[in-house]
Amino acid sequence: MHPDVAEHPAIMGHEFAGDIVKVGKAHQDKFKPGMKFTLQPALNYKGTMWSPGYSYEFFGGDATYCIIPAEVMELGCLLEYKGRAYYEASLAEPMSCSIGAFNAAYHTKMGVYHHDMGIKKGGKLAILAGAGPMGLGALTYALHRDVRPGMVVVTDINEDRLARAESLFPPKEVKEKDGIDLYFVNTANMADPAAELRKLTGGTGFDDVFCYAPIAPVVELSSAVLGRDGCLNFFAGPTDKQFSAKMNFYDVHYNSTHVMGTTGGNTADMIESLELTAAKRIDPAVMVTHIGGLNAAAETTLNLPKIPGGKKLIYTHLTMPLIALTDLRAKGEQDNDPRYTALADIVDAHNGLWCPEAEEYLLANFNPED
């Protein structure tokens, strides 16, 4: 990172994919112009936090072209992508964060000093504050990974988010197809959320709890619903260095509950995300609610807390306003532009989700000068 960011600003954009245009001589045996790529942005280079989107003047996603630095190549963080859609490769990074969290969970046995890594097979799992984009990414992974829970409970306090989540993952269909009991719960108006959630488990509490909001009451609720040997992953990263919340240490001592936190995934998690997506076992599109062009990136970044919905997908060689997928049809009618109407038709045919067909139509019919 350059010390003078006023004169040498960092390019924003942390999660991205694209085409390789040129390759240096040292890497021409592995990479070729025209290859699709994605990358692992959590470099962890020599103990630093350097990362695209935050640290580099010529390396970030919010650009039509960028230069991939030597440390990325040295660490093996540039990955060839052989899938169909660019957005799936771009979303491999946020998906890898949840994959890493599930892989980092652990459980114990009395008298045995060994950790069994991963969530409990057939266990009871909760994703608190989980109806946002990252929570839905975690949900699609929980339902379709190799080691799966027997029950998943997703909580939130926003009824619109919960309704969208339930429409994407109908509990009856999930039960029939995957054999997993799925519940969406609004805890906003519950007098005793912990008691109500524990009731869903038959009183045992949860084996694995993922906390997806850095809010003290959500953390404390996460602690309160843990069962014996329950693993709490504080997934959401706070900005307040003094952030703290109460945790039941009686349960830590007598019931072997434990807490951990993960931030990001590693390259193996990225590869797992790409492989599961390519096999159509997970669908990262559940995280996406808006699309736009590079011209919309800066304003969207600045106003992100005020823009509802999930991930905002930016196509960096196009000029396009930021548009919610639910507004594509209205945009087409307003501008008398049949392209937006066609996109709306494609999205509607895929349960309201962005999809490879929509991306391919976009790339074929929207030009950089539009």
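Quick notes on this structure:
- Any hit, the stretch 187-195, residues being in the same structural domain as LYS241 (by TED's automatic domain parsing), out of contact with any Ser or Thr (no Cβ under 6 Å at 6 or more places or on another chain) and surrounded by 20 or more Cβ atoms within 10 Å (Cβ to Cβ): no
- ALA330 satisfies every condition listed in (1) farther than 18 Å from ALA17 by Cβ; (2) touching a residue at least 40 places away in the same chain (Cβ under 8 Å) except (2).
- Of all residues in the stretch 230-261 being surrounded by 20 or more Cβ atoms within 10 Å (Cβ to Cβ) and at pLDDT 95 or above, the one that is nearest to the chain's Cα centre (by Cα): PHE235
- Considering residues of the stretch 112-143 that are surrounded by fewer than 17 Cβ atoms within 10 Å (Cβ to Cβ) and farther than 22 Å from ARG198 by Cβ only, the residue nearest to the chain's Cα centre (by Cα): MET117
- PHE249 in contact (Cβ under 8 Å) with a residue 12 or more places away in the chain and of a type in the set (A, V, I, L, M, F, W, C): no
- Filtering the stretch 1-27 to residues that are closer than 23 Å to GLY83 by Cβ and of a type outside the set (Phe, Trp, Tyr) leaves GLY13, HIS14, GLU15, ALA17, GLY18, ASP19, ILE20, VAL21, LYS22, VAL23, HIS27.
- Whenever a residue of the stretch 69-85 is on the phi > 0 side of the Ramachandran plot, its partners that are surrounded by 15 or more Cβ atoms within 10 Å (Cβ to Cβ) and β-branched (Val, Ile, Thr), lying with C-beta atoms within less than 9 angstrom and at least six residues away or across chains, give the pairs GLY76/THR267.
- Hey, ALA342 over 18 Å from LEU294 (Cα atoms) and outside any loop (DSSP other than H, G, I, E, B) or not: yes
- In the stretch 14-62, residue surrounded by the fewest Cβ atoms within 10 Å (Cβ to Cβ) [restricted to those that are part of a loop (DSSP other than H, G, I, E, B) and among the acidic types (Asp, Glu)]: ASP29
- The stretch 103-131 residues that are in contact (Cβ under 8 Å) with a residue 60 or more places away in the chain, paired with ones that are hydroxyl-bearing (Ser, Thr, Tyr) (beta carbon under 6 Å, 6 or more apart): ALA104/THR262; THR108/SER256; LYS124/THR201; LEU128/THR155; LEU128/SER222; ALA129/TYR212; GLY130/TYR212
- Which numbered condition LEU302 fails, given (1) of a type in the set (A, V, I, L, M, F, W, C); (2) surrounded by fewer than 19 Cβ atoms within 10 Å (Cβ to Cβ); (3) touching a strand residue (DSSP E or B) at 6+ places or on another chain (Cβ under 9 Å): (3)
- Applying the criterion of at least 2 residues that are within 27 Å of GLY123 (Cβ to Cβ) to the helices (runs of 4 or more DSSP H) found wholly in the stretch 232-306 leaves 249-254, 267-278.
- Each residue in the stretch 272-308 was checked for being under 19 Å from GLU88 (Cβ atoms) and without any contact (Cβ under 8 Å) to a residue 24 or more places away in the chain, and 3 pass.
- Test: residue in the stretch 235-242 that is among the basic types (Lys, Arg), in the same structural domain as LYS109 (by TED's automatic domain parsing) and over 22 Å from ASP146 (Cα atoms): yes
- Scan of the stretch 227-256 for residues that are among the polar types (S, T, N, Q) and farther than 26 Å from LEU136 by Cβ, ordered by number: GLN242, SER244, ASN248, ASN255, SER256
The values are calculated or read from the model by the stated rules, or taken from the named source; none is laboratory data. Everything numeric here is computed off the predicted structure, so don't read it as measured data. Every residue, glycine among them, receives a Cβ derived from its backbone with ideal geometry; neighbour counts consider all protein chains shown.
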